[in-house]
Structures are given as structure tokens and as C-alpha cells.
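K.L.:
Would you mind keeping the following structure in view while I ask a few things?
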Amino acid sequence: MQIKQELTERHVLTLTVDNEAGTLARIAGMFTSRGYNIDSLTVADISEDHTTSRITIVTKGPPPVIDQIIAQCERLIPVHKVTDLTEAGPHVERELALVKVNGTGDQRVEAMRLADIYRARVIDATVNSFIFEITGGPDKIDTFVTLMREVGLVEVGRTGIVGLMRGAGVS
Amino acid sequence: MPEKSGAEILIDILVEQGVDTVFGYPGGAVLPIYDALFQQKKIKHVLVRHEAGAAHAAEGYARATGKPGVVLVTSGPGATNAVTGIADAFMDSIPLIVLTGQVATNLIGSDAFQEADTVGITRHCSKHNYLVKDPAELATIVREAFSIATKGRPGPVVIDIPKNVQVATASTDVKRPARTRFTYAGEADYAEINRAVELIANAKAPILYTGGGIINSGPAASEALRELAELTGAPVTSTLMGLGAYPASGDAWLGMLGMHGTYEANMAMNQCDVMVCLGARFDDRVTGRLDAFSPDSVKIHVDIDRSSMNKTVRVDLPIVADVGTAMRQMIDVWKGRKYKKQSLEDWWARIAGWRAVDCLSYPGSTQEIMPQYAIERLFEATKDKSPIISTEVGQHQMWAAQHFHFDAPNKWLTSGGLGTMGYGLPAAIGAQLGNPNALVIDIAGEASIQMNIQEMATATQYRLPVKVFILNNEWMGMVRQWQELTYESRYSESYSDSLPDFVALAEAYGWKGIRCDDPAKLDDAIAEMLAYDGPVMFDCRVHKTSNCFPMIPSGAAHTDMILNADQVSGTMDDEAKALV
Ligand SMILES: Cc1cc2nc3c(=O)[nH]c(=O)nc-3n(C[C@H](O)[C@H](O)[C@H](O)COP(=O)(O)OP(=O)(O)OC[C@H]3O[C@@H](n4cnc5c(N)ncnc54)[C@H](O)[C@@H]3O)c2cc1C
Ligand SMILES: Cc1ncc(C[n+]2csc(CCOP(=O)(O)OP(=O)(O)O)c2C)c(N)n1
């Protein structure tokens, strides 16, 4: 007997949640306990009075599963609002990565040149290393990281995605 | 400013919320609360014999009274013992407030004595949970917990209270408003109701598929269901959890549907053209093979929880609302628009054909008590007393669902979603406490009853006249049945060996014990049980290897029901074996 796999879609969800102990565990744990995927998750306080946080989750699943994920998130008491940015229409997604590249000579020059093309900034440098800071959509960062592997990448840190709807609307 | 301890504040708020009964078991981390309980008279504490018993008793109390059940247990093992009951209540949408003691806040995380991460353990089997860190928060939290447990889709809420928070004091002056961050559906959108009524009114073969949500919604929802069925002339079936919402004596009743449901209910679900799902959740026990589930019907689904929509079965018209309110709206629209009841003659004629199969018939015996016969006789002997029936889990549970008939809601207490053996006796105890004058019977199996048998002492202590009616077939019958049907009768570990003498056991606990193995004497023995003013354990020795039919085997369609033992092949393919 084979275990069946289904075709999946990538969706970016944003959640407005109460900023209280256990909220993140509740959401992340709900994903694991129901077998949903989390590709990335970011969370930060976004309100003046520190009572509300915004969570951005990138997830994958067949469309009915995505719909269930949203409904299951909405069921959680500290979750006030869930928006599926992917469904909501035009939106921007950004992620920040720090990329450390070690090397000397030509390799180092090439790393600098590529960083320039990708508009990555140098935020730390020694004679045999750089740390680049790059911001962009996930594809851009993926490509940049892949290229940097060729020229001496030793370490990378990524924030995960945050997103907002384009135009005046709020999610 | 007047100050009170956390424990005293807790008791005050419980009283304010209308709590009169708490099911619990003491221990170090809840001693301050037990001391506060000792010094008041408004709340009755019922001492169980195991914390699982406390949680199931609270479930039984809740299901039978419609009020939330309250549990009080200590930290560590007290809380972990209660987890099965919490998970059970979560699956079956039962409102519970579970108060657990916790080690002092400064000790949390230090592997202190009897420390367990109760909030972590119960996070995904409760509707919500809290760790209270300050007695000043207690009132707000407990109030919010009651509202969360009882409103919308009900469920268990756990409040973990560290010992120092129970002892420390806080001002009782400040009247904090209850938080209102929790919203839930109420009335349905009239456009959706109009559309639903139109679909039902024009259907040639409609069916009302009802579930536990109607019981959750309250007695008014059962009233509305009866009226809706009458107005539309549609047949009614129910899940295991919804039994009693529509009277089994009603003309439109088809019996339970699903794996062990009736032939007529399952065939009608399969062949209907408009299915109206009212507070049920398309459970796998109900749908059978999904791609063959009612393939040609338009499906309307009324449920208060958006996540129940399209979870397993895609529906055409989802209506997120309280089912009682939505049915009332449907009735208003139906009457307002002066719809006429359709004759539906052809549909009922087809149903009559399915009914004629007489799917619940079973081979009779004059030598042995057939388990189905035992339930029938129990029903006949008690039906005028409007009994409350709880069950354990297994064949006896299904036979009770098939052969005991319910005419009112809140009379049927069973563990459906989690299927917890050991549920029935404590649930009966809880129900009896909530309904002191009712006849309460736990229909049990000899294996299940042993899982919470210690609760017999609770019944003795509080003089609760519960009856335990054991269909003793000396097997974990349901497991044995599956092994017979799926594993070529390799009966791996399913024999109930070394059974206690249930009559002697009853007497040891101060109960009356009755044994019967003769169908001719059964009625008298049941009468003797009912005549006894006190708890009775009835060891009903039944035919040992009866199977529960009809049955839709795993992975099969509604139309592939096994109606009797002759149709059993004895094995299944791996796909079917992998399904539960
Ligand atoms: C051995 C065994 C065999 C079983 N065999 C069968 C079988 O043959 N047939 C069968 O039916 N079951 C069977 N079950 C039970 C089954 O596992 C499920 O528990 C049951 O089918 C679920 O019932 P339900 O759909 O009514 O949902 P429930 O679990 O009762 O859920 C209620 C639904 O109603 C909603 N709701 C709650 N309150 C409201 C409200 N106020 N308004 C609107 N909606 C509301 C909830 O959101 C939820 O979706 C069996 C269980 C066991 C242990
Ligand atoms: C706590 C728990 N453990 C195991 C099971 C699996 N199980 C389901 S029915 C059953 C057998 C029940 O036997 P018994 O109580 O004698 O009832 P019968 O089926 O014979 O009527 C078992 C072991 C369960 N439902 N719950």
C-alpha cells in the first residue's frame, strides 16, 4: 500500500493575535497537531499598547486544506483576524537575510559584484569575510543564497516573510 | 480595600456563575482551594476515586443538564489523569471548566514536586486554557472561561492555578468587565436561509441529517427540529451524538446513520437529492468512503463552527449559525412564504422498501440472552420512566444506540468522538447528581466497565441509585468483531480473561448485584434491578460471539452494508485495514 500525496499551493497568511503567553505555541502547535506545514513564521508586537501581535505564516497545502487552516486559526481564542494574502489579491512579501561569505582574491571580488547586482549591502567586513544584508521577496533571496554558495557562503540567517496588501486596504 | 485570597475569589466566581456541583480529587497543589471549599456551603464537592472519573462525571452532568461541568484536580498526576476526559469533551463538544492546581509560579519549570506542564499538555485538547499568574486576574479569567466553554461550539476550558496564586490576595473591589474578545455565530443570514428553504421545498428526496449540535444548542433546537420535520415532511436520521433530538417514536425517524446505522438511514442518505446537515460534522463513522458518500445530493450544512464546513465533505450551502436559531428561521420563512408540504410519496415508498429489509433483526434464542434482546427488554421495562442512558464503548454501545429509543434530548450520554472506554459509569454518576430523581443506567461491556470501576465507591458515598447493565460477552466484543471481519479471526488479546465476579464485586462496594443468563428470567431480573432503591450492577450474560450489524466496513460505501453474518468475508485489503 502507498501513502498518497496531494498537490499543494503556497499561501501567505497574516494573523492578528492577542499578545499573551502561549499564543505562539498555540498556533504553531495547532499546525503540527493537525499535520499542516509551516514554511516560515514571523511574529512581532505591532500595537502601541503592546496588546496585539501580527503573525505571518507561509504554509503549503491543497486548497481545501488551506481553507481548513484558516478556519482552525480563527477558532483559536487569541486569534482575532486571519487574512490569506495570497487570496486577497496584490500584496508585497519581504524577507531579510544575512549572508556570511568567506574568501579571498577573485572569489571575494565576485561575491561583491553579485551582491551589488542584487542590491545586498555589506554590513560587516574583514579581510577574508563579508556579511551581506539583503531584503526582498523569497525568490530573490533564494537565488542570492544559491549564488553565494558558489563564492564561499558559510552561514545564512533569514527572518521569514512579512507581507502587506498593496494599496490602501488593510489585512 | 477588601482583599481575598485567590482560592476565595475562585469560589466566589464559581458561585456567581451558577455552579452548584464540582467533581474533584484533592492534592497538595489545590489544598488552598479545598480549604476555601470547606468553609462554604453553596457548592457541593463530589469526591471521585480517580481524576478521569471526575472529568467524565462532569461531562455526564453537563450533557444531562445542559450546564457546564466543573472539575477540580491537583497538579501533575491529578491533571494528567484528567486529560482523557478533557480530550473526550473536546471531541464531543461538551462544556467543562477544569481547574487544575499548579506548583507555585516561582517553581514552574524547575521540575518541582508534582509539576507537569498542564497548559502544554492540554493545549490541543481543550477549547482554550490559561495559566493564572496573579490572583487579580482570576475573576476575569474564570468569567471568560465560562463564556468560552458554553458559547458557540461548547468545549472544555482548563484553568491552571499555581498554589501561590491561590494563597496570595487581591482586591475584590474592582468590578472588571468580562472580556468580550470571544465571538460566535448566532442567527443565520436570511439570504442563505431563503435559499435553503427553497432547496428543501423543491426537493423530491430530502433528508434531515441531524447531530450533536442540536443537543448542544439546547432543548429549543429539538423543538424546532420536530417542527421543521413536520412542515417539510422530510425523513430524519441522526448521528450517534444527536440521538433524542428527534423522537425515535416519530413517523419521520429512520434511525441512526453511519457505520452501525440502519439500512434505511444510510440508503436514504446515499439516494437523497437534498441533504440538510443540522449540527453534525460528517465524521468518518458516518460518511464511509468519501467519494461514494451521497454522490448526487445538494448539501446544506448548518454548523456554528466554521471549521466544520468542508472539512471532509464539500457542501453546496454552508450556513454558519446556531442550529436552533437557523431552524427557527427556516420555519419562519417556510410559513411566511406559504410553502406547502410536498407529498414526497415516491421517496417514502422507496424508504418503505429499505425499511422492509428489517436490518436490525437478529437471530433469536431461547437458550441464551442475545445482546440485542437484552437492550430491547431493558428499553421496554424503562421507557415510561424517561431514563438517562450512558454507555461505555464497544458493541454494547452500538446495540444501545440501535435498540434503545430516545424521545427527548439530553437522555443519551456516550463517548462518540474519542470513544473512551470507562466513560459510562462516571458519566452516569454525573447525570444522576444533576437529575436526582431520574432513572440513570450505564449500558456497559465487561471490559469497559473495568476502566473506571473504582467510581462505584463514589456512587455508594453519595447514595446515587445508578444502574450498571453489563452486556457480558466475555470478549472485547468490538475488537473481536473487527478481528473476525478483517484478520481472519485471529483473536489477538481480545478475550476478557480473569473477569471479576461482578455480583460479589457489587456487594463489596455496597451495591446490589444481579446476574442473569436465561432469556426467560430476564424481565424479572430487570424488574428486580429497577425496584431496588440504590445502585445495582447487573451482570447480564449474553451470547458471546454476536456481531453488531448492520455494518459498513472501513472504506466501504453506504450501499455496501453488511447486514448479517452470512455476508462476512473475513479479510480486507490493506487500504481498508489502514482506515480506522
Ligand atoms: C465504536 C464507535 C462506533 C461509532 N459508530 C457510529 C455510527 O455508526 N454512526 C454515527 O453517527 N456515529 C458513530 N460513532 C460516533 C462518531 O465517532 C462521532 O462521534 C459522531 O458521528 C459525531 O457526531 P456529530 O456529527 O453529531 O458531531 P458532534 O461531535 O456531536 O459535533 C457537533 C457538531 O455540531 C456543531 N455544533 C455545536 N453546537 C452547535 C450549535 N449550537 N449550532 C450549530 N452547530 C453546533 C459542532 O461545531 C460540530 O460540528 C461511533 C463511535 C464509536 C466510539
Ligand atoms: C480507553 C480505550 N482503550 C481501547 C479502546 C479500543 N476498544 C474499543 S471497543 C473495545 C472493546 C470493548 O469491550 P467491552 O467493553 O467488553 O464491550 P463490547 O464490545 O464487548 O460490547 C476496545 C478495547 C477504547 N475505545 N478505549
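The values are calculated or read from the model by the stated rules, or taken from the named source; none is laboratory data. Model, not experiment: these values are computed from the prediction. FYI the Cβ positions are ideal-geometry reconstructions off the backbone, even for glycines, and counts take in every protein chain you see.
K.L.:
Filter the stretch B:389-402 for residues that are more than 6 Å from ligand 2 (Cβ to nearest atom) and either among the small types (Gly, Ala, Ser) or over 12 Å from the mean Cα position of the chain (by Cα) (or both) and give the result. I'd like the intermediate steps shown before the answer.
P.N.:
Initial filter on the stretch B:389-402 (more than 6 Å from ligand 2 (Cβ to nearest atom)): B:389-391, B:397-402.
Answer for the stretch B:389-402, where residues must be more than 6 Å from ligand 2 (Cβ to nearest atom) and either among the small types (Gly, Ala, Ser) or over 12 Å from the mean Cα position of the chain (by Cα) (or both): B:Ser390, B:Met398, B:Trp399, B:Ala400, B:Ala401, B:Gln402.
K.L.:
Separate question: Select from the stretch B:543-580 the residues that are within 14 Å of another protein chain (Cβ to nearest Cβ) and either in a helix (DSSP H, G or I) or touching a residue at least 24 places away in the same chain (Cβ under 8 Å) (or both) and list them in ascending order.
P.N.:
Going through the stretch B:543-580, the residues within 14 Å of another protein chain (Cβ to nearest Cβ) turn out to be B:554-555, B:572-579.
Once the filter is applied, which keeps residues that are within 14 Å of another protein chain (Cβ to nearest Cβ) and either in a helix (DSSP H, G or I) or touching a residue at least 24 places away in the same chain (Cβ under 8 Å) (or both), the stretch B:543-580 yields B:Ser554, B:Gly555, B:Met572, B:Asp574, B:Glu575, B:Ala576, B:Lys577, B:Ala578, B:Leu579.
K.L.:
Here is a further query. Away from chain A (no Cβ under 14 Å), in a helix (DSSP H, G or I) and either touching an Asp or Glu at 6+ places or on another chain (Cβ under 9 Å) or at pLDDT below 95 (or both): is that true of B:Leu485 in this structure? Can you show your working first?
P.N.:
On the way: away from chain A (no Cβ under 14 Å): yes; in a helix (DSSP H, G or I): yes; either touching an Asp or Glu at 6+ places or on another chain (Cβ under 9 Å) or at pLDDT below 95 (or both): yes.
Here the answer is yes, as B:Leu485 does meet what is asked.
K.L.:
Can you name the condition, by its number, that A:Val82 falls short on among (1) out of contact with any Cys (no Cβ under 7 Å at 6 or more places or on another chain); (2) buried (at least 17 other Cβ atoms within 10 Å of the Cβ); (3) within 14 Å of chain B (Cβ to nearest Cβ)?
P.N.:
Failing condition for A:Val82: (1).
K.L.:
Can you spot a residue in the stretch B:363-371 that is over 16 Å from the mean Cα position of the chain (by Cα) and over 25 Å from B:Asn564 (Cβ atoms)? Write out each step before concluding.
P.N.:
So the first thing to find is which residues in the stretch B:363-371 are over 16 Å from the mean Cα position of the chain (by Cα), and the list is B:363-371.
When the remaining residues are screened for being over 25 Å from B:Asn564 (Cβ atoms), the result is none.
So far as the stretch B:363-371 goes, no, none of its residues is over 16 Å from the mean Cα position of the chain (by Cα) and over 25 Å from B:Asn564 (Cβ atoms).
K.L.:
A further question on this structure: Can you give me the number of residues within the stretch A:146-171 that are under 19 Å from A:Gly103 (Cα atoms) and surrounded by 16 or more Cβ atoms within 10 Å (Cβ to Cβ)?
P.N.:
6
K.L.:
Out of the stretch A:1-50, which residues are among the hydrophobic types (A, V, I, L, M, F, W, C), within 13 Å of chain B (Cβ to nearest Cβ) and over 19 Å from B:Ile121 (Cα atoms)?
P.N.:
The answer is A:Met1, A:Ile3, A:Val17.
K.L.:
Moving on to the next point. With the requirement that a residue be of a type in the set (Lys, Arg) and under 14 Å from B:Tyr462 (Cβ atoms), what does the stretch B:34-62 give you?
P.N.:
Of the stretch B:34-62, the ones of a type in the set (Lys, Arg) are B:41-42, B:44, B:49.
Within the stretch B:34-62, B:Lys44, B:Arg49 qualify.
K.L.:
Would you check if B:Ser498 is in the same structural domain as B:Ala381 (by TED's automatic domain parsing) and either within 16 Å of ligand 1 (Cβ to nearest atom) or surrounded by 19 or more Cβ atoms within 10 Å (Cβ to Cβ) (or both)? Before the answer, list the steps.
P.N.:
On the way: in the same structural domain as B:Ala381 (by TED's automatic domain parsing): yes; either within 16 Å of ligand 1 (Cβ to nearest atom) or surrounded by 19 or more Cβ atoms within 10 Å (Cβ to Cβ) (or both): no.
No, not satisfied.
K.L.:
Right, another one. Give B:Ala185, B:Ala221, B:Ala201 a once-over and let me know the one that is of a type in the set (A, V, I, L, M), more than 30 Å from A:Thr51 (Cβ to Cβ) and more than 21 Å from the chain's Cα centre (by Cα).
P.N.:
Values: B:Ala185 fails: more than 30 Å from A:Thr51 (Cβ to Cβ); B:Ala221 fails: more than 21 Å from the chain's Cα centre (by Cα).
Residue meeting the stated conditions: B:Ala201.
K.L.:
A further question follows. Only residues in the stretch A:111-139 that are loosely packed, with under 14 Cβ neighbours inside 10 Å count as the first member; pair them with residues that are hydroxyl-bearing (Ser, Thr, Tyr), Cβ under 6 angstrom, at least 6 apart or cross-chain, and list the lot.
P.N.:
So the pair list comes out as A:Asn128/A:Thr104.
K.L.:
Also, I was wondering about something else. Considering only the stretch B:1-119, give the helices (runs of 4 or more DSSP H) lying wholly within it that have at least 3 residues that are in contact (Cβ under 8 Å) with a residue 12 or more places away in the chain and within 30 Å of B:Phe406 (Cα to Cα). Spell out how you get there, then give the answer.
P.N.:
Values: elements: B:6-16, B:31-38, B:51-65, B:77-91.
The qualifying helices (runs of 4 or more DSSP H) are B:51-65, B:77-91.
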